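So the structure is just underneath, and the comments pick up after that.
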Amino acid sequence: MTLPTHPGTHPRIRAARSADRLVYLASHPALFGLLTVTRRRPVVRVGRTVLVHDAQAYHHVLTRVPLDRTAEGTTGGAAARLTDGDQLFDQDGGAHRSARREVSALLGAPGVAALRPLWRRVLAERLTELPERTDLVPIVRELAGVTVAALTGSSADPTALARAACDAATAAARDHLPTLLPPLPALTRRPSAQQAVGRLASLLPDGRDAALAVAAVNTTMAALPRAAAWCARAGLWAGLGPDTSPALAVELLRLTAPSPILPRVAAADATVAGCPIRRGDRLILVARHAAQSHRDTPDDPPAAAQAVFGAGPHGCPGAALARAQLADFLTALAPHAPRVLRSTVDRRAALPGYAALLVGKG
Ligand code: HEM
């Protein structure tokens with residue numbers, strides 16, 4: 001879809017975009033500053049690190065370049081080191097295909113339909129009335145926790161479960177997110193990452209679901225508040241309802257790119273957009289730029305909308321669920337046409353997002 005253009009919308013869209021960009025830049029200023037500066041080149045090498053900005057190059061890497069799923073400094077590597085391994089992120093080949101089949105059964109259309117009443121109940125309880133000042137972040141935390149508790153069969157308090165998943169991601173991100181500073185010695189950080197993952201695993205009937213819980217909760221915590229803030233600042237509530245919110249949800253996920261970079265490592269030599277890649281090179285795949293989040297109208301809208309969820313055999317299996325949750329969240333908020341009263345960026349979070357998003361009736 002293209003963004004609605006009610007009279008006076010355009011300056012508000014610019015304002016919404018700028019406010020959201022600050023959330024992204026505030027989370028890792030040096031890294032995201034570098035990515036912004038190099039954005040115009042499709043692929044940029046800095047030593048043994050290759051920054052991949054271009055949509056086709058990003059897709060090419062995810063679908064055709066062999067990736068080392070357990071290398072240091074990658075999502076799979078962090079998942080493998082902090083658990084006993086054998087998580088979707090670090091698997092390859094047959095083991096991965098069979099785990100994907102299981103997760104697809106949970107997250108396919110029937111799975112989403114079964115989970116939907118649970119998060120709708122949270123929305124009905126928390127958003128049917130909108131008090132004068134409402135922080136949307138705890139509501140999203142509860143919604144994410146309820147969903148993951150149901151997915152994993154956990155009887156833990158949903159908010160505690162969601163907090164544990166965020167703490168595990170924060171600790172693991174210190175391990176695997178690329179930084180321009182030299183890494184801290186492993187001994188000073190590993191125990192706390194392992195403790196955080198251990199605490200999360202202790203809340204789950206099967207500790208092997210820890211990576212699923214981390215993937216689901218952290219992206220939801222990043223995505224839903226930022227999308228609501230975008231919608232409020234851009235003035236997009238008018239006419240929004242169950243029929244129109246699914247398309248706006250897809251577009252807001254593209255504009256916010258909640259998981260903005262995918263750190264990977266090449267497992268073989270390759271050439272991407274004319275740039276030679278060597279086995280062992282670190283690849284920073286910039287989902288935000290592949291999705292053209294900085295543009296109102298991307299070159300290829302369906303491909304751009306998909307890019308925020310990755311591509312290929314490891315592409316996100318939770319995309320349909322994420323889109324349905326965001327559509328329901330927007331639909332629940334729309335009657336109040338909320339405006340943003342105050343927002344605070346969460347500088348601890350693994351993904352760019354808000355620690356608090358106070359809204360009031362519009
Ligand atoms: C806005 C929400 C979300 C975004 C932006 C997002 C994005 C992503 C991305 C970029 C990847 C890596 C894809 C690749 O390597 O090609 C991924 C993987 C994954 N996501 Fe999501 N995700 C979201 C929500 C969810 C939810 C709600 C769940 C579960 C309920 C989920 C479960 C997973 C899992 C299990 C993987 C690993 C798949 C594999 O390695 O085979 N995600 N996600």
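If you check SER98, SER155, which single one turns out to be surrounded by fewer than 21 Cβ atoms within 10 Å (Cβ to Cβ), hydroxyl-bearing (Ser, Thr, Tyr) and at pLDDT 85 or above?
SER155
Can you tell me which of (1) within 14 Å of the ligand (Cβ to nearest atom); (2) farther than 29 Å from PRO138 by Cβ is the one GLY280 doesn't meet?
In the conditions (1) within 14 Å of the ligand (Cβ to nearest atom); (2) farther than 29 Å from PRO138 by Cβ, GLY280 misses (1) alone.
Pick out, from the stretch 8-98, the helices (runs of 4 or more DSSP H) lying fully within it that include 2 or more residues that are within 16 Å of the ligand (Cβ to nearest atom) and farther than 24 Å from VAL345 by Cα. Walk me through how you get there before you give the answer.
Details: elements: 9-27, 29-38, 55-64, 75-82.
The helices (runs of 4 or more DSSP H) meeting that bar are 55-64, 75-82.
Can you name every residue in the stretch 246-274 that is farther than 26 Å from PRO42 by Cβ and buried (at least 22 other Cβ atoms within 10 Å of the Cβ)?
Once the filter is applied, which keeps residues that are farther than 26 Å from PRO42 by Cβ and buried (at least 22 other Cβ atoms within 10 Å of the Cβ), the stretch 246-274 yields LEU248, ALA249.
Among the residues of the stretch 210-221, which ones are within 7 Å of the ligand (Cβ to nearest atom) and under 9 Å from the mean Cα position of the chain (by Cα)?
Answer for the stretch 210-221, where residues must be within 7 Å of the ligand (Cβ to nearest atom) and under 9 Å from the mean Cα position of the chain (by Cα): ALA215, ALA216, THR219, THR220.
Please identify the pairs in which a residue from the stretch 233-247 that is under 10 Å from LEU330 (Cβ atoms) has its Cβ atom under 8 Å from the Cβ atom of a residue that is among the charged types (D, E, K, R) and assigned to a helix (DSSP H, G or I), counting only partners at least 6 apart or on another chain.
SER245/ASP328; PRO246/ARG323
If you check LEU127, LEU118, which single one turns out to be within 15 Å of the ligand (Cβ to nearest atom) and either touching a residue at least 60 places away in the same chain (Cβ under 8 Å) or closer than 22 Å to PRO225 by Cα (or both)?
LEU118
Every residue in the stretch 33-66 that is of a type outside the set (S, T, N, Q), more than 22 Å from ALA311 (Cβ to Cβ) and open to solvent by less than 60 Å² (accessible area, probe 1.4 Å), please.
Within the stretch 33-66, GLY33, LEU34, GLY47 qualify.
The values are calculated or read from the model by the stated rules, or taken from the named source; none is laboratory data. Predicted, not measured: the structure shown is a model, and the values here were computed from it. Neighbour counts are summed over all protein chains in view; Cβ atoms, including those assigned to glycine, are modelled from backbone coordinates with ideal geometry. Heavy atoms of the whole protein, side chains included, go into the accessibility calculation; ligands, DNA and RNA do not. Shrake-Rupley method; radii C 1.70, N 1.55, O 1.52, S 1.80 Å.
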